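Peer 1: Attaching a single structure in structure tokens format; questions to follow.
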Amino acid sequence: MYYSEYLQLDKILNAQQPESFKEGNEPAHDEMLFIIIHQAYELWFKQILFEINSVLEIMSLPVLNDNSPELQTVVHRMQRAATILKLIVQQIDTLETMTPMDFLDFRDMLRPASGFQSYQFKVLEAKLGLKFDARHGQQYYTSQLKQPDIDVIKEAESGNTVLSLVNKWLERMPFFKEEKYWENYNPKLATAPWEHVVGGLFWSDYESIYTESLAEGEKNNAENFKNIFLKDDNNPERSLSPAACRAALFIMIYRGYPMLELPFQLLDTLLEIDNQLGNWRFRHINMVRRMIGSRIGTGGSTGAGYLQGAMEKHIIFKELTQLNSFLIDRRRLPILHKELIEKLGYCF
């Protein structure tokens, strides 16, 4: 095996064909950087999709043990995806060594091509869990794409997503499937359990402790508590069911127990992926404003305006993020019964 043949460097290193270098044009030095940066983006998107597809396959299994090699693999690969996204954000530093005047040397030659036409990034968002109805600029988000690329995006939107499979995984949490784990629970404040909920006395107790901890300006959160963790109204805007939200909150507050370490790492990694996607969009917005100001993008979008709208709306795991609003001081957490604590320390 020869290095350059294995990496097919003849294809990669000859894949840069700057428009400004073609006959009759004046070469724009920075166009080479522009091409290589965006080719690197697409290669990293391909790797992230490779990781996400493997995660979707594992999480589609009928049973996923919370203390198993499969879950460890899921966490590891999602953490890799988050790390790649960090690298993508840092890559903007290199792109910003190009000045606005350097960009103008070749910008008009790119029309109507645009980063907005990156179908891989749209597939990535869809497979993570961004729904079409939640997209900013729905009317034209595929209008500039060729049909084969549109078909790939639509297929991704119609299949399983990381978010939908995480919802199913959380709903299967064993500690809230059987009442036996809560029979001996001793509440601090609650006297009446939530009806039709396994561990209902625990959740009623947690709600009372949480409500008592709220400052005057936070009282609205008390009303939201039941809407998120109890009310099952089949709201199409929700991606996580009340049962999934209860399981996720339980994982967050008792993450110190061995059985919950991996589940917490998974939830925390999903939040980090959202964070890095937000960082990428924020840096992209600032770069666009610096490069072209208020002008429209080469693909016809509103430029920084479109990116601002996407940053504010495209928060894929926002329902996990909002659970942090319902945490309480660890010193006030309900005390679990010793039988449940033993289970949280060992495999089933």
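Peer 1: Per DSSP H run of n ≥ 4, the term is -39500 (n - 2.57); total these for the chain, divide by its residue number, and report the mean residue ellipticity at 222 nm rounded to 500 deg cm²/dmol.
Peer 2: Working: 15 runs with 194 residues, N = 348.
It comes out at -17500 deg cm²/dmol, rounded to the nearest 500.
Peer 1: Could you let me know the centre-to-centre spacing of the stretch 123-197 and the stretch 23-86, using Cα atoms, in angstrom?
Peer 2: Cα centroid to Cα centroid, the span is 21 Å.
Peer 1: Follow-up question, since we're still on this one. Apply 1/(1 + (r/R0)^6) to the Cβ-Cβ distance of residue 192 and residue 318, taking R0 = 35 Å, and write down the FRET efficiency to the nearest 0.05.
Peer 2: Working: r = 32 Å, r/R0 = 0.90.
Efficiency, from the Cβ-Cβ distance: 0.65.
We did not get these values from a lab; they are worked out from the coordinates using the rules stated. In this text, all values refer to a predicted model and were calculated from it rather than measured experimentally. Because the Cβ atoms are built from the backbone with ideal geometry, glycine has one as well, and the counts that use them run over all protein chains shown.
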